Amino acid sequence: MIKFECCHCAQHIEAPDEFLNALIDCPGCARKVKVQPMKEPETSFAPDAPARVPAPNFMGTESEKCQRHAFWLEVSAALVGIVGGIVGFKALGAKLAGDDPGIGFWIAGCLIGAAFWFYLIAQLVHIRALLAKK
Ligand SMILES: [Zn+2]
């Protein structure tokens, strides 16, 4: 069923789905009224725009998918960053103790760099999720 309002008298009308875009007589004011689902306020300025009923749901799931991806990217960034920090501190400790830190600083630099990129990509995915929501 399509629920909508008469554009002349605001009478609430229900019509079967197969009447979509058909002209019917309003039961309230008996004038011709087009059967179309109620629109959101921001789209009411374009009364002849084609109905886009399944779109919001689809975009919602797309947005949620992006948010999940961003979340896991951030978790990865945090884990890689923590490991990089630990390796860095161990190398620093070895250097302060007079030992050879070896490639500790190099590994720590790579890990922290990777964490930075993971985080950056996560933010881009967040932005994509926000755009998909609109
Ligand atoms: Zn009416």
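If LYS34 passes every condition in (1) at pLDDT 85 or above; (2) in the same structural domain as ARG128 (by TED's automatic domain parsing); (3) surrounded by 14 or more Cβ atoms within 10 Å (Cβ to Cβ) but one, which one does it miss?
(2)
Which pairs do you get when a residue that is in a helix (DSSP H, G or I), found in the stretch 109-133, comes within reach of a residue that is of a type in the set (D, E, K, R), reach meaning Cβ atoms under 6 angstrom, with the pair 6+ apart or on two chains?
ALA122/GLU74; ALA132/GLU62
Just checking, which of ALA129, ALA114, ALA91 is under 19 Å from CYS66 (Cα atoms), of a type in the set (A, V, I, L, M) and surrounded by 15 or more Cβ atoms within 10 Å (Cβ to Cβ)?
ALA129
Report, ordered by the first and then the second residue, all pairs with beta carbons closer than 7 Å, sequence separation of six or more or different chains, a first member in the stretch 4-19 that is near the ligand (Cβ under 7 Å from one of its atoms), and a second member that is among the aliphatic types (A, V, I, L, M) and in a strand (DSSP E or B).
Within 7 Å, the pairs are CYS6/ILE13; CYS6/VAL33; HIS8/VAL33.
Looking only at the stretch 86-107, which residues are in contact with a helix residue (DSSP H, G or I) (Cβ under 7 Å, 6 or more places away or on another chain) and within 27 Å of ILE121 (Cα to Cα)?
VAL87, GLY88, GLY104, PHE105, ILE107
The values are calculated or read from the model by the stated rules, or taken from the named source; none is laboratory data. Every value quoted in this text rests on a predicted model; they were computed, and no experiment measured them. Backbone-built Cβ (ideal geometry, glycine too); neighbour counts: all protein chains shown.
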